[in-house]
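Here the structure is laid out as structure tokens; the discussion comes afterwards.
The values are calculated or read from the model by the stated rules, or taken from the named source; none is laboratory data. All figures in this text were calculated on a predicted structure; none of them were measured in a lab. Positions of Cβ are generated from backbone atoms using ideal geometry, with glycine treated the same way; all protein chains shown enter the neighbour counts. Just so you know, the surface numbers come from the protein's heavy atoms only, side chains and all, with ligands and any DNA or RNA stripped out. Shrake-Rupley method; radii C 1.70, N 1.55, O 1.52, S 1.80 Å.
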Amino acid sequence: MFEYQAPPNLLADRVILVTGAGRGIGAAAAEAYAAHGAKVILLGKTAANLQAVAQRIVGAGHPRPAVFELDLEHAGTSDYEKLEVRIDDEFGRLDGLLHNASLLGPRANLDEIPDADFIQVMQVNVNATFMLTRAMLPLLHRSTDASVIFTSSSVGRKGRAQWGAYAVSKFATEGLMQTLADELAGSSLIRANSLNPGGTRTDMRAQAYPGEDPQRNPRPEEIMPVYLYLMGPDSTGVNGQAFDAR
Ligand code: NAP
């Protein structure tokens with residue numbers, strides 16, 4: 001496990017946007033960020049999931065998060081512009097962006113994957129990540145110390161049979177991170193890094209490994225140290241690196 005002990009006020013007053021915040025790792029990250037003082041913005045497809053996370057955050061005594069319902073498969077430039085205007089109006093800047101939402105898609109050989117499935121995975125995992133990053137950059141530039149985290153996977157670092165569009169999309173995610181990090185290096189206060197959570201007890205893991213005993217993998221809450229480290233000021237100056245949660 002990545003060793004890091006976050007101080008309780010690590011993210012005091014930081015404004016942090018988390019995609020796929022309604023369940024799994026994204027929900028745990030949003031709750032961990034709020035618990036460390038951040039004002040969080042929850043983005044996801046399913047309103048009920050986002051509201052449940054918002055309720056848990058309020059119930060734990062933290063400020064009510066902003067909630068932005070958006071289906072990344074069908075979102076276009078105007079949706080991202082609307083989000084940018086809303087965050088600008090409400091907060092005036094963005095200090096952190098966790099790109100977490102993803103689709104697994106079919107676990108099949110490449111010659112068995114229909115066009116529509118490949119395109120859908122690339123749209124959610126890559127194209128949406130690009131468009132959201134581009135839209136948020138003006139707000140991130142207003143922060144004194146902003147962090148962008150791209151969620152990767154072990155199959156985004158070495159291809160593996162039957163991981164299909166998902167593996168390709170995670171290589172592209174690493175490419176987005178490296179390109180952005182290089183563009184920002186030396187001239188910006190924004191840093192960009194990738195993070196592979198490793199096998200974690202979520203719906204996606206169960207979908208990828210249907211026969212597996214879920215208890216074999218840590219709960220999302222257990223892998224939060226690296227999510228906190230990369231989002232907080234202790235990682236200032238760390239840019240263009242590929243991290244593993246464990
Ligand atoms: P998960 O349980 O399947 O949750 C996925 C999240 O993404 C949900 O909140 C979902 O929102 C959101 N999402 C999916 N499609 C969306 C869309 N079209 N528009 C908006 N939001 C959408 O996944 P997870 O296991 O927590 O994974 C989180 C991240 O870690 C992903 O990037 C995944 O690739 C990566 N990862 C996970 C593991 C693992 O073992 N779990 C391993 C390596 C990498 P709804 O609730 O609205 O459906």
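Only lysine pairs 8 or more places apart, or on different chains, with alpha-carbon atoms under 25 angstrom apart are counted in the chain, and they number 4.
Suppose we look only past 18 Å in the calculated P(r) of region 136-215. What percent of the Cα-Cα pairs does that tail hold? Write out the running numbers ahead of the final one.
Numbers: 1640 of 3160 pairs.
Tail of P(r) above 18 Å: 52 percent of Cα pairs.
Can you tell me the alpha carbon radius of gyration of region 71-123 divided by the globular rule-of-thumb value 2.2 N^0.38 Å? Each step should come with its number before you reach the end.
On the way: Rg = 15.8 Å, N = 53, 2.2 N^0.38 = 9.9 Å.
Its radius of gyration relative to the 2.2 N^0.38 Å reference: 1.59.
Using a 1.4 Å probe over the heavy atoms of the protein chains, calculate the carbon and sulfur portion of the accessible area of the chain as a whole percent. Of all accessible area on the chain, carbon and sulfur atoms account for 51 percent.
Placing pseudo-labels 7 Å out from each Cα toward the beta carbon at E90 and D244 gives an inter-label distance of 3.7 nm. Work out the FRET efficiency for A47 and S187 from their Cβ-Cβ distance, taking R0 = 45 Å, and round it to the nearest 0.05. E(calc), rounded to 0.05, equals 0.70. At each listed q (0.09 Å⁻¹), what is the log10 of I(q)/I(0) that the Debye formula gives for region 15-244 modelled as equal alpha-carbon point scatterers? The Cα Debye sum returns log10 ratios of -0.34.
Could you tell me how far the Cα centroid of region 83-159 sits from the Cα centroid of region 1-26, in Å? Distance between centres, Cα-based: 17 Å. Sites counted here are GluC sites (Glu not before Pro) in a DSSP loop (not H, G, I, E or B) having no more than 16 other Cβ atoms within 10 Å; the longest part of the chain that contains none of them is 74-211. Computed over region 33-104, the convex hull of the alpha-carbon atoms projects to a mean area of 5.3 nm². For R56 and R142 in the same chain, what is the full-extension length gain: residue separation times 0.36 nm, less their Cα-Cα distance, in nm? My answer for the length gained is 28.0 nm.
P(r) tail for region 1-143, what percent of Cα pairs lie past 19 Å?
Details: 5438 of 10153 pairs.
Roughly 54 percent, once rounded to a whole number.
Taken per residue, the accessible surface of region 15-244 reaches 43 Å², heavy atoms only and a 1.4 Å probe.
Computed from the Cβ-Cβ distance with R0 of 25 Å, the FRET efficiency linking D234 to D203 stands at 0.20.
Given the Cα-Cα distance of I119 and Q5 and 0.36 nm per residue of separation, how much length would full extension add, in nm?
On the way: separation 114, 0.36 × 114 = 41.04 nm, distance 3.98 nm.
Roughly 37.1 nm would be gained on extension.
Helix 164-184 and the longest principal axis of the Cα set of the chain meet at an angle near 30°.
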